[in-house]
1. If a residue must be modelled with pLDDT under 80 and assigned to a helix (DSSP H, G or I), how many such residues does segment 219-231 contain?
2. Working only within segment 232-260, note down all residues that are in a strand (DSSP E or B) and not aromatic (F, W, Y).
3. Out of segment 156-181, which residues are under 23 Å from S78 (Cβ atoms) and aromatic (F, W, Y)?
4. In the set W96, W103, which member is within 18 Å of T57 (Cβ to Cβ) and either in contact (Cβ under 8 Å) with a residue 60 or more places away in the chain or surrounded by 14 or more Cβ atoms within 10 Å (Cβ to Cβ) (or both)?
5. Checking V300 against (1) without any contact (Cβ under 8 Å) to a residue 60 or more places away in the chain; (2) part of a helix (DSSP H, G or I); (3) β-branched (V, I, T), which test does it fail?
6. Give, as residue ranges, the strands (runs of 3 or more DSSP E) completely inside segment 1-99 that count at least 3 residues that are hydroxyl-bearing (S, T, Y) and either closer than 16 Å to A182 by Cα or at pLDDT 90 or above (or both).
7. Taking into account only those residues within segment 125-164 that are of a type in the set (S, T, Y), in a helix (DSSP H, G or I) and touching a strand residue (DSSP E or B) at 6+ places or on another chain (Cβ under 8 Å), which is nearest to V188 (Cα to Cα)?
8. I'd like to verify a number: residues in segment 355-382 that are in contact (Cβ under 8 Å) with a residue 12 or more places away in the chain, assigned to a helix (DSSP H, G or I) and of a type in the set (D, E), how many?
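The values are calculated or read from the model by the stated rules, or taken from the named source; none is laboratory data. Given the structure is predicted, the values throughout are model-derived calculations rather than measurements. Note that each Cβ is placed from the backbone with ideal geometry, even for glycine, and that neighbours are counted across all protein chains shown. Please note that ligands, DNA and RNA were not included when accessible areas were found on the heavy atoms of the full protein model with its side chains. Shrake-Rupley method; radii C 1.70, N 1.55, O 1.52, S 1.80 Å.
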Amino acid sequence: MTEKSITVKALQRQLEIEAALERVRARSMAMQSSEELSDVLSLLFQQFDLLGITPKTVWLTLWKPEENTFTYRSTGTSGQRIQGQQVLDIDGMEIWRDLYNKWKTDTSDSVEVLFYSKEDLGQLFSLLEETYSTMPAEERLTPEHFPDGGYSVQGHCKFGYIGYTHTREPSEEDKAILTRFATEFGRVYQRFLDIENAEAQAREAQIEAALERVRAASMAMHRSSELGEVAAVLFDQMNQLLGKLWTCGFVLCEKGRKEDEWWLSMDGGFTRGFFLPNVGDYTHATLYEGWENGDDFRTVQLEGDSLQEHYDWLMNIPTAKRIFEDMAASGIQRPEWQKLHAAYFSKGYLCIITEVPCEEEEVFKRFAQVFDLTYTRFLDLK
């Protein structure tokens, strides 16, 4: 091959790399919401593939030194938008602690190559179970993808590392390409943070507006009989904010009393107050214990046998059985998975039941504080 043809080939390669970088830049500049970071990671996977690196997965590590943790986000094995994410302890593996110390002291465009033996991979995938368990089976990375051990190639950027996993060591060109993408990703992630901050401010405005509507309804209450109407406003606002509630209500407790007064939200408003024991059932005993101990928040997650046992217990209580039969008649079916959230106030707790995980559980605590104001006003009027 002549010197001229080598030069032309090298130029073509540089143009390919620059074109791949430009695709990532363009996609990041088009981001309108923080959720689109997954699209950028997916595109990054595609560009590495096109450039001949052919990774198993592409991932992003973001350090949180103040919490001694890092957030790990990974694509699936095909690089599609389906991705997993979890928060991990920096000290979870010795190799992670060493990597963090290198990142902290090295501000250059460095590339770190970690090799995980077959034994190390067993520990690694045990720690990353949450990341991959949410993915379809065909997208999950497993130790079987690395019969002779695996390589994790890390490109230093301002916020942590971007990198990829592979069965082979990276070439010098692979490292150079990763360095350029890592530098570019530092800019991408800054845009992500700006968008995330704007979203957080907008979300806070939505939450505060919802809370203010409940406060206004509380202050407009003239008779104690209007408590149910105010509670309906409160739960309507929560539903609009979160849209993931199966049902919700408020529970009134008294020290030493073996039963609590429950008010549940229904399509037609609220059930009249009815009493359920806070003994004899793990869920109700746990939620009552939280109020008695002065907690601000507790959750109980039920599925499978534990959920069936809970409903078997409820259906042996005539009042509860009648209510759940009414719910079924109105088309409200029991969930196959549920999580009860108890947000405590002075006289009891708000009980919010979801049939899917909720990422904004802190909001429940804020509504409980407002409901404390509502219930105090109710007692004054009464």
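1. Within segment 219-231, residues that are modelled with pLDDT under 80 and assigned to a helix (DSSP H, G or I) number 8.
2. L245, T247, C248, G249, V251, L252, E259, D260
3. Matches in segment 156-181: Y161, Y164, F181.
4. Every option except W96 fails the conditions.
5. It is condition (2) that V300 fails.
6. 69-75
7. Result: T131.
8. Total meeting the criteria: 1.
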